[in-house]
Structures are given as structure tokens and as C-alpha cells.
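Here's the structure, in C-alpha cells; my notes come after.
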Amino acid sequence: MPRAPALGNGGQRGGGMSVVIKANCTGARQPGSTMRNFAKTLIIALALTAPAAARDGMPDGFVYLRDIAPGIAQDMRYASSDNFTGRPLPGYDAGECVLRREVAEALAQVQADLAKSNLGLKMYDCYRPKRAVAAMAHWAQDGQKDGKDDGASKRFHPALDKRMLFGLGYIAAKSKHSTGSAVDVTLIELPPAPAPPFDPAARYGSCTGPAEQRAPDNSLDMGTGFDCFDPKSNTSSAAIAAEQRRARATLLLAMRAHGFHNYFREWWHFTFGGQRPAAAADFSIVPRP
């Protein structure tokens, strides 16, 4: 069942108006129709006063990854400004990985396998609300040219104009992420070294440049940063060092062993193939209770 904050707490995000209900307290002598009308009024009132997290709750079948595999690291980029749009995306009200239960359980198995080699997973993105997908598409097609000083964005696509990203398949109008069956993921060493905090005011280097010049990340060097819209991000790219190719191969084999399929343009993107076809969703990601 979906978990949601207690009703009626105006201090929580999205708290609604205060509703006072007056009822005839005559007990069993009250006519049945009046009681039914009172019940309907109560349900409507509770819906109006419920916090947004309760009204926009997580559907059945979805879980927080932390409840299934707490050892998997999370660095949810679209809940922060460390992404190609330079701002948090709509629907990401918390930096939490949410997935369908069977996908989360498969990731737990991947994690267990990798731990034997002192490696682990780190999630960049999991379930993605449809409104966030729409925001990405709008950003790519808003008609604004890249400025040469647009460091918040250009470092993610150093060789391409952002208006090309949609046509080249890096950004799409629909995403498997919205079904809760796709993930963006990388590898870390165990125990992980702490990463320096992201500084929105810093001018980080290109995602295709040396790891030490990119935005801070404590993952293995995969040859490019996450969400690097460039041919070097192709999973089988030969334009990266041998050690980086080995890291990608390790991730690919570990994920494949438990039912995940890679998108060839993006070494980080995997879709779980074992679940029933699912519809895209648009509920907000809220803090884990």
C-alpha cells in the first residue's frame, strides 16, 4: 500500500485548507441517507486537507530502493541542480530512488554479486515522473542556443548543440523511467570514498574530459560523466581507455545477469526486462517516511 504522511498536517508540503465539519450527533436515530451524506462530505474534506504527498501518493507495486537494498548508494541528480538543465526537475521533491518492487529486488541481487569484488552500485536516476520527461524535452527544444559560457549545461554536451539531442536519441518524449523499470547507474568501490559536494557556482570541465576535471563523483571512471551526450558515452565506444572499458564491461555483465538490458548510446542506462508491461506514471517522488 502507498505510504503517505498523516492527514491534516498543515505544516507539511502541500497542506490544504482547514475544513470544519458539523454533524448531527443523534447517533442511531439519524436517518441512513443523512449518515451517507455525512460520510461523503467527510471523504471530500479529507481529500482537500490531505498533504500533496498523500493525494499524489506512490502507487501499489512501487517501493523505495532503500527499503529493499539500503546498501546501494544514491546520487539522484534530477532532484538537484547537478544535471544538464541546471535545476531540479518537476516531480523530484526528494532525492530518493523509487522503482517497481521486482526491479529493486533485481538490483539487490546485482549488488550482492558485485560485493564479492568489493564493488557496488550507485543510482543516478530511477523512476522519473512524466512531467520531468516533458521538462527535459522542453529544455531541448525551447529554441535557445547554447551560450559559450553556459557551463551549467554545455559541459554535458560539449560537441553538440542541445537542439540536436532530441533527434539523436539522447532525450525522448517518452521514457521507460516513467514506468519504474529503468535505471541510470554506475559502479563504486566498497567502501566508497566520500565525494566533494557539488558546487553550483563552480565551472566544471567537460563530461568527456579527465575525471578529475569533471563535476565531483566517487564512482569508477567510466570514460565520461553521467548524462554525457557524446559518442564517447556509447557503451562500446573505443575512444576511451582500456581500464574505462573494463569498468563498463563489469557493469554491463553484472546487470545483464539479473535481467537488465543496456541502451547502447548510454553506458549508464538499463531497463529491466522481466516485468509485465507497465504504464507510465506521474506521481511525485516525496521523502521516504
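Can you give me the C-alpha center-to-center distance between region 229-289 and region 84-128, rounded to a whole angstrom? Comparing the Cα centres of region 229-289 and region 84-128, I get a distance of 11 Å. Nonpolar atom fraction for region 159-289, defined as the carbon and sulfur part of the 1.4 Å probe accessible area, stands at 57 percent.
Solvent-accessible area per residue for region 101-195 at a 1.4 Å probe radius, Å²? With the other protein chains kept in place, region 101-195 gives 45 Å² per residue. Computed packing ranks the peptides 153-161, 241-249, 195-203 as 153-161, 241-249, 195-203, most packed first, by mean other Cβ atoms within 10 Å.
Could you calculate, for region 147-283, the ratio of the Cα radius of gyration to the Kirkwood radius, expressed as Rg to Rh? With Rg and the Kirkwood Rh in hand, the quotient comes to 0.97. Taking label positions 7 Å along the Cα-Cβ direction at both Leu253 and Leu168, the computed distance is 3.0 nm, reported to one decimal. Relative to its Kirkwood radius, the Cα radius of gyration of region 81-130 gives an Rg/Rh of 1.06. Label sites at Phe198 and Ala211, each approximated as a point 7 angstrom past Cα along Cα to Cβ, lie 1.9 nm apart.
Along region 171-179 the Karplus relation, 6.51 cos²θ - 1.76 cosθ + 1.60 evaluated at θ = phi - 60°, assigns HN-Hα couplings of 10, 10, 6, 10, 9, 4, 4, 6, 8 Hz to successive residues, with x for each Gly and Pro.
The values are calculated or read from the model by the stated rules, or taken from the named source; none is laboratory data. Keep in mind that this is a model prediction, so the values were computed, not measured. Neighbour counts are summed over all protein chains in view; Cβ atoms, including those assigned to glycine, are modelled from backbone coordinates with ideal geometry. What goes into the accessible areas is simple: the full protein's heavy atoms, side chains included, and nothing from ligands, DNA or RNA. Shrake-Rupley method; radii C 1.70, N 1.55, O 1.52, S 1.80 Å.
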